[in-house]
Amino acid sequence: MTSFVVVANRLPVDASPGGLVSALQPIARSSGGAWVGWAGEPDDRPEPFEHEGVRIHPVELSGDDVDRYYEGQSNSTIWPLFHDSVEPPVHRRAWRVAYEQVNRRFAEAAAAASAQGATVWVHDYQLLLVPGMLRELRPDLRIGFFLHIPFPPVELFMQLPRRAEFLRGMLGADLVGFQQTLAAQNFLRLTAQLLGLHPEGERVEYEGRTVTARAFPISIDVAEIETLAADPAVQDDARRLRKDLGGDRRLLLLGVDRLDYTKGIDQRIEAYGELLADGTITNDEAVLVQVATPSRMRVEQYRQLRERVEREVGRINGEFGDVGRVPLHYLFQTRTRAELVALYLAADIMLVTPLRDGMNLVAKEYVAARRDEGGALVLSEFTGAHSELSEASGGAFSVNPYDVDDLKRGIAAAIAAGPADLAGRMRRMREQVLAHDVDRWARAFLETLG
Ligand code: ADQ
């Protein structure tokens, strides 16, 4: 039993990319803690084991659990609803039942792994009920909860069947963390509207305890990215990439995302196609590389997105490409960290244009990689990263991804900007990212919880 326990849907043991694991692995390691999570394969429960200095407690999910709790309630109900319903959420009673059963399993595993008075940090939308269940099992624990995705406005949350139970689940924590202040405010407002509580400032009394709701904007392991960016082999790769894509004369635009309908990938590609069609850019001058890591491919909406994107890529290359030179390279692949950093170094313009995103770590990784103060970031208003990289620093080219004309305007502005302007923007964004890395984020959360 340990005095610090992370509880998250996934264990930090495989190479599957995703914000959560890349953010938390270094912290659990440096504090010698335990991690409760699913190993990622159905019907598989290895015994607890040690991995890179972290005690791992696997939770078993059956094939049905994966269908209902993970792909169903988590990724087809809560995920779209919390992202402004950019795809319609699907509601199924059987999914809710499985979600509750699986959340109880996680809570029991966390209770068993925690020493008396331990600090337990529960993560994300798959485990909204865990703080409340864990509180019942172990009132001695200090419980923190962090939501990595947006928390929706009151009127959207109200659509969720059994909404009060989800809210009570979150209120089981002593500290509820969000990416943005607006999300914390939505949550507090909801405790009044749905449960008749009386929030004051960022606190609310619930069942004789004080629950605090506050924004803790997540960040990245800056040192990891900077080290890779300084590596001569990575820099060689970046030069080779540019050469392969047609030399320095060609402007390189880049997108890096999980293939997810919240990321605005199809809107981005549409805007790029229109820039080619109206002659703002030509196939000789510009090339877009879109790396999309496969994600949730068993969920229907994700399969449809993949088809839409692939059709549009084919159309644009067919229409504007030439033999041996196409305007759009689409890689439906997962790349290593070093390969991503080489792409970041090679890219003149990074396109981060989600319809809604809790934070978006790719934007911060790009900025951290640009020690040369080169490059430009085109960034959606609807990302958490926008407050730091655009509102606070004026560094990014801000766009509304729902408006193709505005996307085109933002990209064109980044293309037209002079080198001194770009270097100034990058310098301001770098100051922000370098001063707020993921260690500081975790320390701030845990000190507040402490
Ligand atoms: P995600 O939705 O997964 O995270 P993001 O924050 O961009 O989004 O993190 C993705 C991570 O995966 C990044 O570290 C990125 O480098 C990596 N990645 C993306 N594409 C890749 C590829 N093709 N190959 C390899 N790696 C790739 C969720 C929320 C976000 C929030 C994070 C952290 O949706 O809003 O920022 O959690 O809280």
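The values are calculated or read from the model by the stated rules, or taken from the named source; none is laboratory data. Just so we're clear, the structure is a prediction, and the values are computed from it rather than from any experiment. Glycine gets a Cβ as well: all are built from the backbone with ideal geometry, and neighbour counts include every protein chain shown. Surface accessibility is based on the protein's heavy atoms, side chains included, excluding ligands, DNA and RNA. Shrake-Rupley method; radii C 1.70, N 1.55, O 1.52, S 1.80 Å.
Within segment 284-300, the set of residues being more than 16 Å from the ligand (Cβ to nearest atom) and open to solvent by 20 Å² or more (accessible area, probe 1.4 Å) comprises Asp284, Glu285, Arg298, Glu300.
Having 3 or more residues that are within 11 Å of the ligand (Cβ to nearest atom) is the bar; report the helices (runs of 4 or more DSSP H) wholly within segment 310-426 that clear it. Per the criteria, 337-346, 361-369. Looking only at segment 61-83, filter to residues that are in contact (Cβ under 8 Å) with a residue 40 or more places away in the chain and either more than 21 Å from Met297 (Cα to Cα) or polar (S, T, N, Q) (or both); which one of those is surrounded by the fewest Cβ atoms within 10 Å (Cβ to Cβ)? Filtering first and then ranking leaves Thr77. Filtered by the rule that a residue be in contact with a helix residue (DSSP H, G or I) (Cβ under 6 Å, 6 or more places away or on another chain) and within 23 Å of Ala230 (Cβ to Cβ), segment 394-422 gives a lone residue, Gly395.
When Arg337, Arg325, Arg311, Arg315 are checked against the criterion of being modelled with pLDDT under 95, over 15 Å from Ala229 (Cβ atoms), surrounded by fewer than 18 Cβ atoms within 10 Å (Cβ to Cβ) and not polar (S, T, N, Q), Arg325 stands alone in meeting it. Checking each residue in segment 409-436 for being touching a residue at least 40 places away in the same chain (Cβ under 8 Å) and within 27 Å of Ala277 (Cα to Cα) picks out Ile411, Ala412, Ala414, Ile415, Ala417, Leu422. If you filter segment 179-196 down to residues that are within 20 Å of the chain's Cα centre (by Cα) and not β-branched (Val, Ile, Thr), you find that the one that is surrounded by the fewest Cβ atoms within 10 Å (Cβ to Cβ) is Leu182. From the list Ile225, Ile218, the lone residue that is in a helix (DSSP H, G or I) and touching a helix residue (DSSP H, G or I) at 6+ places or on another chain (Cβ under 8 Å) is Ile225. Per this entry, Arg142 is counted among residues that are open to solvent by 20 Å² or more (accessible area, probe 1.4 Å), in the same structural domain as Arg104 (by TED's automatic domain parsing) and within 28 Å of Ser3 (Cα to Cα). Taking segment 85-118 as the range and being over 16 Å from His57 (Cα atoms), open to solvent by less than 50 Å² (accessible area, probe 1.4 Å) and not hydrophobic (A, V, I, L, M, F, W, C) as the test, the residues that pass are Ser85, Glu87, Pro89, Arg96, Tyr99, Gly117. Taking the conditions (1) out of contact with any helix residue (DSSP H, G or I) (no Cβ under 8 Å at 6 or more places or on another chain); (2) assigned to a loop (DSSP other than H, G, I, E, B); (3) not assigned by TED's automatic domain parsing to the domain that holds Arg325 in turn, His198 satisfies each one other than (1). Here Arg203, Arg168, Arg240 are screened, and the one residue that is in the same structural domain as Asp322 (by TED's automatic domain parsing) and open to solvent by 40 Å² or more (accessible area, probe 1.4 Å) is Arg240. Of all residue pairs spaced 6 or more apart or on separate chains, none has beta-carbon atoms under 9 Å together with a first member in segment 323-337 that is free of Cβ contacts under 8 Å to residues at least 40 places away in the same chain and assigned by TED's automatic domain parsing to the domain that holds Leu241 and a second member that is open to solvent by less than 40 Å² (accessible area, probe 1.4 Å) and away from the ligand (no atom under 16 Å from the Cβ). Of all residues in segment 346-360, those that are crowded, with 24+ Cβ neighbours inside 10 Å and of a type in the set (A, V, I, L, M) total 5. Residue pairs whose Cβ atoms lie under 7 Å apart, sitting 6 or more positions apart in sequence or on different chains, and linking a residue in segment 177-191 that is under 17 Å from Ile218 (Cβ atoms) to a partner that is polar (S, T, N, Q) and within 15 Å of the ligand (Cβ to nearest atom), are Gln180/Ser387.
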